[in-house]
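The values are calculated or read from the model by the stated rules, or taken from the named source; none is laboratory data. Treat the numbers as computed from the prediction; the structure is a model and nothing was measured. As a convention, Cβ positions derive from the backbone with ideal geometry for all residues, glycine included, and neighbour counts pool all protein chains shown.
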Amino acid sequence: MDLQISGKRAVVLGASRGLGQAIAKGLAAEGVTVFAAARSVDKIEAWSADMDNVHAVQLDLGDLAQVDATIDMLLEGEGVDIIINNGGGPPPGTAQSAGRSDWVSHFEAMAANLFHMTNRLLPKMKERNWGRVISITSSGVEQPIPNLALSNGIRAAVVGWSKTLANEVAGDGITVNVVMPGRIHTERVDELDAAASKRTETPVAEVASKSRATIPAGRYGKPEEFADVVTFLASERASYVTGSRIRIDGGAIKSI
Ligand SMILES: NC(=O)c1ccc[n+]([C@@H]2O[C@H](COP(=O)([O-])OP(=O)(O)OC[C@H]3O[C@@H](n4cnc5c(N)ncnc54)[C@H](OP(=O)(O)O)[C@@H]3O)[C@@H](O)[C@H]2O)c1
């Protein structure tokens, strides 16, 4: 299948490692010019060293001035056709332990600054009558994950925003979707398993094995499997998919 996106321009947030890196590589392989952003710009430069169509951008999503500077840089060119809203996950913790300042600071980095960036980049998409806005959230928006209160709460806001925007811009050739990873094997998942191992004083291999056993597919997903679905959603071929939430979780969410 020809995805018909060669020559498009994309900004991929949270692209120094993990899901963002895999998505950036997936889009670049389709001939998309990718602006890959994260705080560790050196890591992006390292993995993209032999790719002419990937440009590393240093960006802290928690810093509005940096977010605006990145948007200005993108708009000085032709803007972008594809936005991948991604970034770091918040620290674990219960709803009762999350303080007001935790909610505010993580909401800025995980939601408000992404909404702001999308709003500023949308007019160029409308001019071209083509655009893709894809937000990476978590299976926790359908089935809240214990001890991840900040993630469950803030990502639910991203879903509400995404659906509202999808309805507003569907007539402009712009699709807006949410993708929900279950457990995709990135460094973050290894870090979470290591933290659980320490907390429960259980060997990490046992923690990971128990976690895998809760997934009908019996394994963690690969970043490339996740990126393939996102790349398809970003393509011309997914032009009638909008306002949707797509699970990529090996069957982990129990409801239909
Ligand atoms: N992997 C999974 O199975 C899974 C499941 C559910 C949800 N998720 C969520 O999906 C997202 C991506 O997952 P992942 O596994 O790829 O996570 P990851 O390995 O921790 O990668 C997060 C990426 O976001 C960047 N980032 C973090 N804070 C940032 C900031 N303030 N400004 C700009 N960039 C920032 C990181 O780069 P720098 O540190 O260089 O900035 C990194 O490139 C995360 O939000 C994660 O919580 C993942």
Quick one: VAL80 ticks every box in (1) touching a helix residue (DSSP H, G or I) at 6+ places or on another chain (Cβ under 7 Å); (2) farther than 25 Å from ILE5 by Cβ; (3) in contact (Cβ under 8 Å) with a residue 60 or more places away in the chain bar one, so which box is it?
(2)
Kindly list the number of the only condition in (1) in contact with a Pro (Cβ under 8 Å, 6 or more places away or on another chain); (2) at pLDDT below 95; (3) of a type in the set (S, T, N, Q) that fails for THR200.
(1)
Would you point out which residue out of VAL207, VAL178 is within 14 Å of the ligand (Cβ to nearest atom) and not aromatic (Phe, Trp, Tyr)?
VAL178
Regarding GLU142, is this residue modelled with pLDDT of 95 or more, surrounded by fewer than 21 Cβ atoms within 10 Å (Cβ to Cβ), closer than 18 Å to MET110 by Cβ and in contact with a strand residue (DSSP E or B) (Cβ under 9 Å, 6 or more places away or on another chain)?
yes
Checking the conditions here, which among GLY31, GLY89, GLY62 is touching a Gly at 6+ places or on another chain (Cβ under 7 Å) and either more than 13 Å from the ligand (Cβ to nearest atom) or touching a residue at least 40 places away in the same chain (Cβ under 8 Å) (or both)?
GLY31
List every residue pair whose Cβ atoms sit under 7 Å apart, with the two residues 6 or more apart in sequence or on different chains, where the first one lies in region 189-202 and is among the acidic types (Asp, Glu) and the second, anywhere, is surrounded by 13 or more Cβ atoms within 10 Å (Cβ to Cβ).
ASP193/VAL204; ASP193/VAL207; ASP193/ALA208; ASP193/SER211
Which one of these is surrounded by fewer than 19 Cβ atoms within 10 Å (Cβ to Cβ), without any contact (Cβ under 8 Å) to a residue 60 or more places away in the chain and touching a strand residue (DSSP E or B) at 6+ places or on another chain (Cβ under 7 Å): ASN147, ASN129?
ASN147
Residue identified as more than 15 Å from the ligand (Cβ to nearest atom), modelled with pLDDT of 95 or more and surrounded by 14 or more Cβ atoms within 10 Å (Cβ to Cβ) among VAL54, VAL67, VAL80:
VAL80
What's the total number of residues in region 181-204 that are within 11 Å of the ligand (Cβ to nearest atom), of a type outside the set (D, E, K, R) and either surrounded by fewer than 19 Cβ atoms within 10 Å (Cβ to Cβ) or not in a loop (DSSP other than H, G, I, E, B) (or both)?
5
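Results for (1) part of a helix (DSSP H, G or I); (2) within 11 Å of the ligand (Cβ to nearest atom), shown as yes or no for each residue.
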residue: LYS126; (1), (2): yes, no
residue: ILE134; (1), (2): no, no
residue: GLN143; (1), (2): no, no
residue: PRO146; (1), (2): no, no
residue: SER151; (1), (2): yes, yes
residue: ILE154; (1), (2): yes, yes
residue: GLY160; (1), (2): yes, no
residue: LEU165; (1), (2): yes, no
